[in-house]
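The values are calculated or read from the model by the stated rules, or taken from the named source; none is laboratory data. None of the values given here were measured: they were computed from a predicted structure. Every residue, glycine among them, receives a Cβ derived from its backbone with ideal geometry; neighbour counts consider all protein chains shown. Calculation scope for accessible area: heavy atoms of the full protein, side chains included, ligands and nucleic acids excluded. Shrake-Rupley method; radii C 1.70, N 1.55, O 1.52, S 1.80 Å.
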Amino acid sequence: MAVNNNKLVLLTFTICRLIVTVVPELLDLGLQGRLSVDTWELEAASVDFGRLSRGEPSEVVHPATAEDVARVVNAAFESPFAVSARGHGHSINGQALIKEKKGVVIEMGKSDSGDNNDHNGDSNIIRVCEKGMYVDVWGGKLWIDVLSATLEYGLAPMSWTDYLYLSVGGTLSNAGISGQTFNHGPQITNVYELDVVTGKGELVTCSEDRNSELFHSVLGGLGQFGIITRARIALEPAPHRVRWIRVLYSNFARFCKDQEYLISLHGKAARERFDYVEGFVIVDEGLINNWRSSFFAASNPVKITSLNADGGVLYCLEITKNYDQGNADSVDEEIQALLKKLNFIPTSVFTTDLPYVDFLDRVHKAELKLKSKGLWDVPHPWLNLFVPKSRIEDFDKGVFKGILGNKTSGPILIYPMNKNKWDHRSSVVTPEEDVFYLVAFLRSALDTETLEYLTNQNRQILRFCHDSEIKVKQYLPHYTTQQEWMDHFGDKWTQFNARKMQFDPRRILGTGQQIFQFHPSLTPNKDDM
């Protein structure tokens, strides 16, 4: 039988590379999934959405079960080598990358289990429990997949992110926020139970009542304490449609007053509040017309100057009202009653109506447009800040009306949240005030010059906050020294550090965050706590 020489050479090269590069301990684990050293897979795992850094792993593992994940992490604990879990790769600053000489990326988002059965821990699993009003889902699944599965039962999760093509484990490792957070809290406060593989390679089920220390550590824990393989997410009846409204403000104080009033209604009946409250900043003429492009054709362009913008800046309040056939007749009356209490520019009301799914998945449509123009896979020097309510007007004067100028290179979100909707036992840190704002600079850099400009502008914003003693906290945080991380966590640092030593004593997990230095020479006993 003749053998194709090219295939033989390729096979020999692949075998040689496997022998040379693969962490030897992984070859005999009996994984149900797949171990890969393919060049294209290593390259895909070497970058993230931010495209601001690189870190190539030795190999990539596609787990089929939670036990696969546990076997890999256990091997890393014994050897040791670094391990990073990767969902959709939507991190900004290399949080899911391997930056050590020896390390493995576990691709949680790409299933290799072969079927979609109800086996607990299977990487295809999305199992809805109607009676219990929850869904069990693999940590690498995307929220859009969770939504599709739960809607078949007329149910949906309560708290969302604005972009649904993120993994469940990824958002729960940070917080998971959007315009519903003021009412339902972040996604991490809507979790009943987790299966977690700790840094010791132990697969542990945890909840409020069972292994609670691990449960609260992992939620918002930046991947430092374990890899989420299953999450049990709370559900509610899903609405059918959404009335989506945008109004403009030229006065920042009025804008904030109205946003804060709307989130204060979180305890009211559904008919007496909006279901979603967000906002964004408009500092250039181009964005003001993009602002309404989802609503109407831009046949009559709006000028910032025509709206008497204070300091050349406008603010958009974005709100929604969910409804279905049962309350369709009353939704307009409920909306008008709420709008009468607000102080926006009267001529600036833009409204549209769409299915609930289309509203939740709205950002994906923008993604497809950008991809078609080659504008998606570019560097994203994002900066996300939690700003205390008491200093938000100072932030406006110094940043929106000062540092930014009249070009943003992307949307700037701003909306308040209620601190009492957050669980202080989680690993997340927020400002020490009852109300704080998310300010998210979601910019894109199409060339090196723009990237340098935006990166420097981010530094200016952080320096302004530091010099003005505005005690911001980064969301999706990124620092380069442990002292900066200690300052970030503040009073929580001692607990955070203790939890690391308890659940990941060899510091093999989440090394891309650069919170703790990877120490392969550490030899703690696996049973030490």
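I need the full set of residues from segment 479-504 which are closer than 15 Å to Leu219 by Cα, charged (D, E, K, R) and either without any contact (Cβ under 8 Å) to a residue 24 or more places away in the chain or in contact with a helix residue (DSSP H, G or I) (Cβ under 8 Å, 6 or more places away or on another chain) (or both), in order please. The answer is Arg499, and nothing else.
When each of Leu446, Leu438, Leu476, Leu451 is tested for being touching a residue at least 12 places away in the same chain (Cβ under 8 Å), out of contact with any Ser or Thr (no Cβ under 7 Å at 6 or more places or on another chain) and assigned to a helix (DSSP H, G or I), the lone residue that passes is Leu451.
One residue stands out among those in segment 249-288 that are polar (S, T, N, Q) and open to solvent by less than 50 Å² (accessible area, probe 1.4 Å): the one that is modelled with the highest pLDDT, which is Gln259.
So that you can scan it fast, the table gives a plain yes or no per residue for (1) crowded, with 23+ Cβ neighbours inside 10 Å; (2) without any contact (Cβ under 8 Å) to a residue 12 or more places away in the chain:
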{"site": "Ser123", "(1), (2)": "yes, no"}
{"site": "Lys131", "(1), (2)": "no, yes"}
{"site": "Trp138", "(1), (2)": "yes, no"}
{"site": "Ile144", "(1), (2)": "no, no"}
{"site": "Tyr165", "(1), (2)": "no, no"}
{"site": "Val197", "(1), (2)": "yes, no"}
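When segment 369-414 is limited to residues that are assigned to a loop (DSSP other than H, G, I, E, B) and at pLDDT 95 or above, the one that is surrounded by the most Cβ atoms within 10 Å (Cβ to Cβ) turns out to be Pro381.
Between Asn327, Asn322, the distinction of being open to solvent by 30 Å² or more (accessible area, probe 1.4 Å), within 25 Å of Ser178 (Cβ to Cβ) and at pLDDT 95 or above belongs to Asn322 only. Looking only at segment 422-440, filter to residues that are within 30 Å of Trp376 (Cβ to Cβ) and of a type in the set (Val, Ile, Thr); which one of those is most open to solvent (accessible area, probe 1.4 Å)? That would be Val428. Is it fair to say Lys419 is open to solvent by 10 Å² or more (accessible area, probe 1.4 Å), out of contact with any helix residue (DSSP H, G or I) (no Cβ under 9 Å at 6 or more places or on another chain) and at pLDDT 95 or above? Yes, satisfied. Of all residue pairs spaced 6 or more apart or on separate chains, those with beta-carbon atoms under 7 Å, a first member in segment 33-52 that is within 22 Å of Ser123 (Cα to Cα) and a second member that is crowded, with 18+ Cβ neighbours inside 10 Å and basic (Lys, Arg) are Ala45/Arg86.
Once segment 333-348 is narrowed to residues that are open to solvent by 60 Å² or more (accessible area, probe 1.4 Å) and under 20 Å from Tyr261 (Cα atoms), the residue that is modelled with the lowest pLDDT is Pro346. Would you say Gln514 is in contact with a Ser or Thr (Cβ under 8 Å, 6 or more places away or on another chain), surrounded by fewer than 20 Cβ atoms within 10 Å (Cβ to Cβ), at pLDDT below 95 and of a type outside the set (A, V, I, L, M, F, W, C)? For Gln514, the condition - in contact with a Ser or Thr (Cβ under 8 Å, 6 or more places away or on another chain), surrounded by fewer than 20 Cβ atoms within 10 Å (Cβ to Cβ), at pLDDT below 95 and of a type outside the set (A, V, I, L, M, F, W, C) - is met.
For segment 469-484, a residue qualifies if it is open to solvent by 50 Å² or more (accessible area, probe 1.4 Å), at pLDDT 95 or above and of a type in the set (Val, Ile, Thr), but none of them does. Total residues in segment 226-246 satisfying the condition of being surrounded by 17 or more Cβ atoms within 10 Å (Cβ to Cβ) and more than 20 Å from Gly109 (Cβ to Cβ): the figure is 10. In segment 485-497, is there at least one residue being of a type in the set (A, V, I, L, M, F, W, C), part of a loop (DSSP other than H, G, I, E, B), surrounded by 15 or more Cβ atoms within 10 Å (Cβ to Cβ) and under 22 Å from the mean Cα position of the chain (by Cα)? No; the residues of segment 485-497 include none that is of a type in the set (A, V, I, L, M, F, W, C), part of a loop (DSSP other than H, G, I, E, B), surrounded by 15 or more Cβ atoms within 10 Å (Cβ to Cβ) and under 22 Å from the mean Cα position of the chain (by Cα). Just wondering, is there one or more residues in segment 73-90 that are more than 21 Å from Leu476 (Cβ to Cβ) and without any contact (Cβ under 8 Å) to a residue 40 or more places away in the chain? So far as segment 73-90 goes, no, none of its residues is more than 21 Å from Leu476 (Cβ to Cβ) and without any contact (Cβ under 8 Å) to a residue 40 or more places away in the chain.
Condition check ((1) under 15 Å from the mean Cα position of the chain (by Cα); (2) in a loop (DSSP other than H, G, I, E, B); (3) within 23 Å of His364 (Cα to Cα)) across all residues:
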site	(1), (2), (3)
Asn124	no, yes, yes
Lys131	no, yes, no
Ile144	yes, no, yes
Leu147	no, no, yes
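When Thr352 is tested against (1) at pLDDT below 90; (2) closer than 23 Å to Ile144 by Cβ, exactly one condition is not met: (1). Residues that are outside any helix (DSSP H, G or I) and under 17 Å from Ile282 (Cα atoms) within segment 336-350 comprise Phe344, Ile345, Val349, Phe350, listed in sequence order.
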